[in-house]
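Bear in mind that the values in this text are calculations on the coordinates, not laboratory data. Here the structure is a predicted model, which means the values were calculated and not measured. So basically every Cβ, Gly included, is an ideal-geometry build from the backbone, and we count neighbours across all protein chains shown.
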Amino acid sequence: MNMHINEAKRILVTNDRGGYTVPTDRLYPFQWNWDSAFVAMGFALYDTDRAYRELERLVEGQWADGMIPHIVFHQPSDSYFPGPNVWRTRHSIPTSGITQPPVFAIALRKLHEASGDRTRTLPLYEAALKWHRWWYSARDPEGTGLVALLHPWESGSDNSPAWDVALARVPTTTDTPVVRKDTSHVNADMRPRNEDYQRFIHLVDVYAACEWNWAKQWEKAPFKVAEVQTTAILLKAGEDLRALAQEFGLLDDAAEIVAFNEKSRRALLAQWRPAFSRFVSRDLVSGQDIEAPTHAGFLPLLALDLSADLADAVVAEMQRWSDGMKVAFPTTKPYVDSFEAKRYWRGPSWAIINWLLIEGLTRNSRADMAEALRLSTVRAIETEGFAEYFDPITGEGCGGLGFSWTAAAYLSLAA
Ligand code: 2M8
């Protein structure tokens, strides 16, 4: 058997903390939302019971309003900032107060197909539907079809150049002292800057003062971005949720989900910009398009069946970004001013983003590019190990090591 597969499985065992998986030891000592969804897809390939546990443990953190938080603090740890005392959410199990990309239902459908276990899928399906309803009410109260993020951490791409303009408006003052822990685990040059952290925590202070009431937050938010990557993931997850509703004979649910999906499909298509050959998000505070060239502009491939013309344009642009890169796919267009090859979400390649892009390329019948990206990802991991992410120019593994979502992506992509 491929020894890397054994190693990937060993990492998932090492990062197990009792039915849930931490992203990596010390740097991220809790359960993260979209990390767990990717991990569950990895487990679904060989241990469906453990995959269900991953999602069940995440749902323990779900709020009464339907939100599934971005971090569930199952057990205390002092190796991460900001912890529960900064979030001040007063949930029975301590959680953060913001969310993360809704990969959950994509994982649930794959898991259900692998197990056929309706009894175990159904409560998770209900949790996912509550969460999708939350997205469409709390994060799109005007019914545009594009869902909004109120914090860069909600995107999963924390310090992406996509947020530079919108985040610059957020003050650097905080009521909470910023006591970073990440830079004691990982080189500071690979992490967001101090100024970013001050703004991240300013936002947490504003929302804590709203007592985490979503309507108040919507009104007060100094950062509000209607985002194409999150909407694309929500739409793909919505398609999977609808398939489950249909299979379970829940026809009212299915009709409700179809309406969500149609609205988002139309809205996403309207964000296509031919001049850039990609989709763009919208800054809801300024009303402007976000033109920063990041990978998010290609993520709608995951959820849309593009016309041949559009797909050709997307693939040609993706190819331009990939040319000369040792490891595709760069999260910022190489060599623009904001591009930094090692700084977290400002350029590096991430196995989970590649995984989503590969699914999107396959859906849109672009098998050659999908295969090239798959091979590039698998080779990077086999050469450098299960790093958090990769420098696209040198191929070097960066950030945390023994990373759970890189292991899960490998299990799926190397198979
Ligand atoms: C990173 O984000 C956390 C905050 O959520 C952090 O830097 O402290 C991001 O890469 C995010 O996408 C990921 O879910 C998380 C855990 O892997 O780390």
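Given their separation in residues at 0.36 nm each and the Cα-Cα distance between them, residue 60 and residue 319 gain 89.1 nm when the chain is fully extended. Distance from the Cα centroid of region 296-343 to that of region 254-272 is 23 Å (rounded to whole angstrom).
A helix-only calculation puts the chain at -15000 deg cm²/dmol for mean residue ellipticity at 222 nm, using -39500 (n - 2.57) for each DSSP H run of at least four residues, averaged over all residues. For the pair residue 379 and residue 252, label points projected 7 Å from Cα toward Cβ lie 5.4 nm apart. Look at the alpha carbon pairs under 8 Å that are at least 6 residues apart: their mean separation over the length of region 134-215 gives a relative contact order of 30 percent. Which of 86, 249, 321 sits closest to the plus end of the dipole of the chain, meaning its Cα is farthest towards the positive end, when Lys and Arg get +1 and Asp and Glu get -1 on the C-beta? Working it through, the farthest residue towards the positive pole turns out to be 86.
Using R0 = 35 Å, the C-beta based FRET efficiency linking residue 262 and residue 414 works out to 0.45. Between residue 137 and residue 184, the FRET efficiency from the beta-carbon distance, with R0 = 30 Å, is close to 0.15.
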